[in-house]
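Encoded as structure tokens, the structure appears first; notes follow it.
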Amino acid sequence: KQMPTIFYKPECISCGECLSVCPVNAIEEKKIRERGKKWEIKEVETICPYCGVGCSAIYKANNKGEIFAVESPSDLGVNKGDLCVKGRFGFDFVRHPDRLKTPLLRTKDGFKPISWSEAYDIIHAKFLEIREKYGPDAIMGLSSARCTNEENYLFQKFMRAAIGTNNVDHCARLCHSSTVTGLKAAFGAGAMTNSIEELDETDLYFVTGSNTTETHPIIGRRIKRNVDRRGAQLIVADPRKIELVKFAKIWLQHRPGTDIALLNGLAHVIYKEGLWDKDFVNERTAGFDEFVRAIEDYTPEKVELITGVKAEQIIEAARLIGRARKATFIYAMGITQHRYGTDAVKAVANLALLTGNVGRRGTGVDPLRGQNNVQGACDLGALPNVFPGYQPVTDPSIRMKFEQEWNVPSLPDKPGIAVSEMAEAVFDGKIKAAYIMGENAALTDAELRKFRQALEKLEFLVVQDIFLSETAQYADIVLPAACSFEKDGTFTNTERRVQRVRKVVDPIGFARPDWVILRDLLQKFGIQANYKHPADVFEEIRRVTPQYRGITYDRLEKGGIQWPCYHEEHPGTPFLYADKFNTPDGKGHFHAVHQIEGYGRDSEYPFILTTGRMRYHYHTGTMSRRTYALNQIVPEGYVEINPSDAASLKIKDGDMVKLISRKGEITAKVKLNDRVPEGVVFSTFHFAEIPVNMLADGENLDPESKIPEFKVIPIRIEPIAS
Ligand code: SF4
């Protein structure tokens, strides 16, 4: 591999990249020495199981079924040789002793192992009993952004065809559901408009609500390189001093929850100074006049009062955006995880439309998806209102298509319940049983105390996972699943690229791939499911999902393909909307959206808790915390507090504190850090012992996407006497 030229002063973040570029082999992975004999080593190309970037790598396993090393050739995948710390070292969990190896049944003395056929019999009998007694809509299913496309497809097929309900959802509800609703309204599809590769052509990145170098490290690295080597410009809008701030020309440090005011303020200046793209707006958009009326009031001075960002900075940033030849708008959950998330997404889309930065290479609106297959889980219909391919369940002709394909007389026509509504529905007596696949909802949902009480109240709960997660501990039946290194299939990454996942080692113990479990259950319920391999499931997906129609396993052998791909000669679509948008009139739609006044302010709870992720861990830590290297770097969770707030509260680094919101309280260790502004507290949700979502409000949801508020949680802090 060619040695990279480093222009900026790097800080070691333990990414392990030096291992792959050291020209004299002065350093190598310790585990390489434990690999076993050369002829016993198996090398398999597959996809990293962590974030939505979807990096490719070659994983090496010995004849004991242990993965011991990773290689990433410079011509491979979207990452072209780069891997972050999780991709390079995050595979020990595969053979961790905590892995579930056999089905479990809850008894009064705890869980006892049972056979697969016993487990299937109990599930079949209990679901039928509950359906008989309360109707099919008394059963809820949560699918998984970590499972393959084939598995998500089969899960929603099971809920719709075997159970007879549209009560199927997954964790995208809690991260990017506002992208799905917001971008669908603006452009016609809720996905990244452009490709990762095109970031190398962008002149200006506007990054907001995304700590990209930690949450999507390989995309973060690409942005840094382009700023450093090519002189691309970067504007960061974030309340926290994230790593990208060091590379930014302008840092807009707005108050948490004031995103719409800031975005409207930027649009106001661009419009007033005539920096908008008149030809693009006139020819390709709708709703412009109403939008202009809506931003009229967002003068830089007024926006400064709301956001705390100086008016001159807003003007300077707006001019950079307005004058850029190719601008890309990158965001993540800092924009979406609000009870106004859909409007915030629309405000980002407004800026792209106003400046004509969509429908061309190197431009676009790029929502970065968090988990490895959250895009695929949405695409394949693990949502309560749509079948695969975002085809509405309310459309009779679409229902008929699926009825014919699945050979069932009828399918439910009423949109189902979202995961964020599940706890309430359990307490209302509407939901009596649930099937949760690969999702740790007992840590990820808002208002966890209530959610956990709801899990306890269920008459029957099946959880299918690779570990006995916090959620699985509430289950009546636990099914041991294979992880992504133990099965075949496909994932769809954040840029809509469908990629092959390949089996590296055999499943541990009696664990089975999720697609096998779902196939068996479908057959048990009398639904046609004669699949011998995930490729057979994919063939069915292609028949019913227009965006995936031209993609085949054979084609994927040569590399990933970006949807939409309508036929087998279609090359896939690196960027969307070149000629027209996917809306009914083919136009990009502006939306008049407004800042909620006084949002997040609270005299009783004077601090704002905002939550996020860190580079070394993933989601609820079930995999990364069972990986030696990652756990060595960050073995425990903490909350970050600004030193000046700590001084006024008489708290020191390492002290334990109580965080109290209207919805609950938790205790956590303090880490002083001036990355967070005064009045703001930051924590990740990776650590079960700091279940920050206990504090989040599960009631006041975004009206369109039903996402709860995770980024602006009013709290108070109480020191715990030592
Ligand atoms: Fe894996 Fe994401 Fe890191 Fe790539 S950036 S190696 S997909 S965790």
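Points worth noting:
- Residue under evaluation Val504, criteria (1) open to solvent by 10 Å² or more (accessible area, probe 1.4 Å); (2) in contact with a helix residue (DSSP H, G or I) (Cβ under 6 Å, 6 or more places away or on another chain); (3) among the β-branched types (Val, Ile, Thr), criterion not met: (1)
- Extreme residue, nearest to the ligand (Cβ to nearest atom), among residues of segment 204-252 that are part of a strand (DSSP E or B) and of a type outside the set (A, V, I, L, M): Tyr205
- Taken over segment 472-515, the criterion of being of a type in the set (A, V, I, L, M) and more than 28 Å from Ala69 (Cβ to Cβ) is satisfied by Ala472, Ala475, Ile477, Val478, Leu479.
- Listed by position, the strands (runs of 3 or more DSSP E) inside segment 30-142 whose residues that are open to solvent by less than 10 Å² (accessible area, probe 1.4 Å) and more than 12 Å from the ligand (Cβ to nearest atom) number at least 3 are 139-142.
- Residue match in segment 155-163 (condition: touching a Gly at 6+ places or on another chain (Cβ under 7 Å) and either surrounded by fewer than 24 Cβ atoms within 10 Å (Cβ to Cβ) or not in a helix (DSSP H, G or I) (or both)): no
- Among the residues making up segment 284-318, those that are basic (Lys, Arg) and open to solvent by 90 Å² or more (accessible area, probe 1.4 Å) are Arg293, Lys310.
- Segment 337-371, residues that are closer than 22 Å to Asp697 by Cβ and in contact with a Ser or Thr (Cβ under 6 Å, 6 or more places away or on another chain): Gly341, Thr342, Val345
- Unmet requirement for Ser195, which otherwise passes all of (1) part of a helix (DSSP H, G or I); (2) open to solvent by less than 20 Å² (accessible area, probe 1.4 Å); (3) within 16 Å of the ligand (Cβ to nearest atom): (1)
- Single residue of segment 431-450 satisfying the filter (at pLDDT 95 or above and either in a strand (DSSP E or B) or out of contact with any strand residue (DSSP E or B) (no Cβ under 9 Å at 6 or more places or on another chain) (or both)) that is farthest from Ile707 (Cα to Cα): Ala433
- Residues being under 15 Å from Val85 (Cα atoms), assigned to a loop (DSSP other than H, G, I, E, B) and either at pLDDT below 60 or open to solvent by 40 Å² or more (accessible area, probe 1.4 Å) (or both) - total across segment 1-27: 4
- Residue match in segment 470-480 (condition: in contact with a Lys or Arg (Cβ under 6 Å, 6 or more places away or on another chain), polar (S, T, N, Q), outside any loop (DSSP other than H, G, I, E, B) and open to solvent by 10 Å² or more (accessible area, probe 1.4 Å)): no
- Residue pairs whose Cβ atoms lie under 6 Å apart, separated by 6 or more positions or on different chains, with the first residue in segment 312-331 and within 24 Å of Gly190 (Cα to Cα) and the second among the small types (Gly, Ala, Ser), are Ile321/Ala327; Lys326/Gly362; Thr328/Gly364; Phe329/Ala352; Ile330/Ser210; Tyr331/Gly209; Tyr331/Ser210.
- Per-region count, segment 459-469, residues out of contact with any Ser or Thr (no Cβ under 6 Å at 6 or more places or on another chain) and crowded, with 21+ Cβ neighbours inside 10 Å: 5
- Exclusive hit being open to solvent by less than 10 Å² (accessible area, probe 1.4 Å) and in a loop (DSSP other than H, G, I, E, B), set Ile541, Ile551: Ile551
- Any hit, segment 523-535, residues being touching a strand residue (DSSP E or B) at 6+ places or on another chain (Cβ under 8 Å) and assigned to a helix (DSSP H, G or I): yes
- Residue ranges of strands (runs of 3 or more DSSP E) in segment 608-676 with at least 1 members over 27 Å from the mean Cα position of the chain (by Cα): 656-660, 665-672
- Any hit, segment 292-312, residues being outside any helix (DSSP H, G or I), β-branched (Val, Ile, Thr) and touching a helix residue (DSSP H, G or I) at 6+ places or on another chain (Cβ under 8 Å): yes
The values are calculated or read from the model by the stated rules, or taken from the named source; none is laboratory data. Not measured: the values here are computed from a predicted model. Every residue, glycine as well, gets a Cβ built from its backbone with ideal geometry; the counts of neighbours run over all protein chains shown. To get the accessible areas, we keep the full protein, side chains included, count just its heavy atoms, and leave off ligands, DNA and RNA. Shrake-Rupley method; radii C 1.70, N 1.55, O 1.52, S 1.80 Å.
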